[in-house]
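The values are calculated or read from the model by the stated rules, or taken from the named source; none is laboratory data. Worth saying up front: this structure is predicted, and the values here are computed from it rather than measured. Don't worry about glycine lacking a Cβ; one is built from the backbone with ideal geometry, like all the others, and counts go over all protein chains shown.
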Amino acid sequence: MNEHHLQFLASDDWARMLESELFPWVDRVADLGDDVLEVGPGPGLTTDLLRQRVGRVTAVEIDETLASALSDRLSGTNVEVINADASCTGLEADRFSAATCFSMLHHVPSVELQDRVFAELNRLLKPGASLVASDSLDNELIRQFHEDDVFVPLNPDTLGHRLEAAGFSEIRIELTEYEVRFAATGG
């Protein structure tokens with residue numbers, strides 16, 4: 001992730017957007033339950049909002065530096081941070097009451113790896129548990145923001161089929177001006 005992008009994800013502006021725009025939607029579309037998996041927390045502003053809503057959060061972060069910093073910052077809270085690849089976490093199957101990933105799937109370097117992340121999330125969810133996610137749409141402004149960065153945006157037209165192939169059902173996809181939001185039920 002480029003430095004400018006990382007700074008934005010740790011900013012007060014991003015925190016306000018999450019609180020006012022994204023999390024009201026999350027609260028509306030799913031019951032997160034009490035044991036939530038978060039994939040790709042980065043600096044952890046989404047983790048902060050999740051941990052206020054649920055009993056336990058397990059945050060899986062592939063970047064060792066980000067994972068270590070978040071683990072140190074949230075030590076002694078209801079959050080466990082694991083430095084792992086979300087496509088193959090090694091975590092116990094059928095464990096989580098919900099899984100979340102916010103604005104990170106476009107950093108997964110290929111569609112095939114994104115699909116492996118979807119399959120892994122489905123494996124980790126209890127039957128009937130929710131996946132709640134959002135990701136950036138493909139437009140020029142967002143592409144510029146990701147200069148010198150991995151940017152493999154989700155295609156909203158094929159997303160539903162990809163989630164079905166990973167075992168999800170009851171898929172709901174919404175588009176905003178700059179992102180795709182989706183919720184699905186694990187099977």
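Based on what the data block shows, is Asp85 under 14 Å from the mean Cα position of the chain (by Cα) and assigned to a loop (DSSP other than H, G, I, E, B)?
Values: under 14 Å from the mean Cα position of the chain (by Cα): yes; assigned to a loop (DSSP other than H, G, I, E, B): yes.
So Asp85 fits the description; yes.
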Given (1) in contact with a strand residue (DSSP E or B) (Cβ under 7 Å, 6 or more places away or on another chain); (2) of a type outside the set (Val, Ile, Thr); (3) closer than 28 Å to Gly160 by Cα, Leu70 misses just (3)
Kindly provide the set of residues from the stretch 106-119 that are within 12 Å of the chain's Cα centre (by Cα) and either of a type in the set (Asp, Glu) or closer than 18 Å to Gly186 by Cα (or both), ordered by number. Gln114, Val117, Phe118
Residue pairs qualifying under the 7 Å Cβ cut-off, at least six apart or on distinct chains, with the first in the stretch 91-109 being on the phi < 0 side of the Ramachandran plot and the second being acidic (Asp, Glu) and not in a strand (DSSP E or B), are Ser97/Asp34
Within the stretch 154-178, which residues are surrounded by 15 or more Cβ atoms within 10 Å (Cβ to Cβ) and either more than 16 Å from Val108 (Cβ to Cβ) or modelled with pLDDT under 95 (or both)? Pro156, Gly160, Gly167, Phe168, Ile171, Ile173
Residue that is at pLDDT 95 or above, touching a strand residue (DSSP E or B) at 6+ places or on another chain (Cβ under 8 Å) and not charged (D, E, K, R), where the choices are Thr65, Thr100, Thr77: Thr100
Considering every residue within the stretch 65-82, establish whether at least one is surrounded by fewer than 17 Cβ atoms within 10 Å (Cβ to Cβ) and either in a strand (DSSP E or B) or aromatic (Phe, Trp, Tyr) (or both). yes
Can you tell me which residue is nearest to Leu137 (Cα to Cα) among those in the stretch 88-118 that are assigned to a helix (DSSP H, G or I) and touching a Pro at 6+ places or on another chain (Cβ under 9 Å)? His106
Being in contact with a Phe, Trp or Tyr (Cβ under 6 Å, 6 or more places away or on another chain), in contact (Cβ under 8 Å) with a residue 60 or more places away in the chain, surrounded by fewer than 19 Cβ atoms within 10 Å (Cβ to Cβ) and farther than 24 Å from Ile142 by Cβ is the requirement here; does Asp35 meet it? yes
Residue list for the stretch 120-142, restricted to those being over 11 Å from the mean Cα position of the chain (by Cα), part of a helix (DSSP H, G or I) and closer than 14 Å to Leu37 by Cα: Glu120, Asn122, Arg123, Leu124
Some residue of the stretch 114-130 being out of contact with any His (no Cβ under 7 Å at 6 or more places or on another chain), under 21 Å from Thr176 (Cα atoms) and of a type in the set (Lys, Arg): no
Can you find a residue that is assigned to a helix (DSSP H, G or I) and either out of contact with any strand residue (DSSP E or B) (no Cβ under 6 Å at 6 or more places or on another chain) or modelled with pLDDT of 95 or more (or both) anywhere in the stretch 29-40? yes
Inspect all residues belonging to the stretch 128-140 and state whether any of them is among the β-branched types (Val, Ile, Thr), at pLDDT 95 or above and within 22 Å of Pro24 (Cα to Cα). yes
